[in-house]
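Data block below; observations after.
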Amino acid sequence: MAKKPETRRQRRIRRALEREFGGFWFKHHGSEFSELGIPDLIGCIGGFYVGVEIKEPGETPEAIQKAVHKKIQNIVTGK
């Protein structure tokens, strides 16, 4: 089965992040039971959390994605 362009892009980005920074990376596979707005790729580099939202050119994050990313940022930074 052919992979979607977004899937191929995410895989290339994940591999590039692993090569460049190391750490632990995983793809969040959303379902009807998962939290909305979670970043596409989640990583840990040297004890630091990294969330990466991947969009095709011309796309922008949805409001729920922006809200969840801000919530995560506030928790991580202690705000």
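The values are calculated or read from the model by the stated rules, or taken from the named source; none is laboratory data. Worth saying up front: this structure is predicted, and the values here are computed from it rather than measured. All Cβ positions, even for glycine, are placed from backbone atoms using ideal geometry, and neighbour counts span all protein chains on display. We work out accessible area using only protein heavy atoms, side chains counted, and drop any ligands, DNA or RNA first. Shrake-Rupley method; radii C 1.70, N 1.55, O 1.52, S 1.80 Å.
Things to note:
- Carbon-plus-sulfur accessible fraction, the chain (probe radius 1.4 Å, protein heavy atoms only): 57%.
- For a straight C-alpha distance cut-off of 25 angstrom, the lysines reachable from K4 (same-chain residues fewer than eight places away being disregarded) are K27, K55, K66.
- Placing unit charges on the Cβ atoms only, positive for Lys and Arg and negative for Asp and Glu, gives the chain a dipole magnitude near 260 debye about its Cα centre.
- The share of alpha-carbon pairs in the chain lying farther apart than 20 Å comes to 38%.
- Å² of accessible area per residue within the chain, as computed with a 1.4 Å probe and no ligands counted: 77
- Length-normalised contact order for the chain - Cα pairs under 8 Å, 6+ apart - percent: 24
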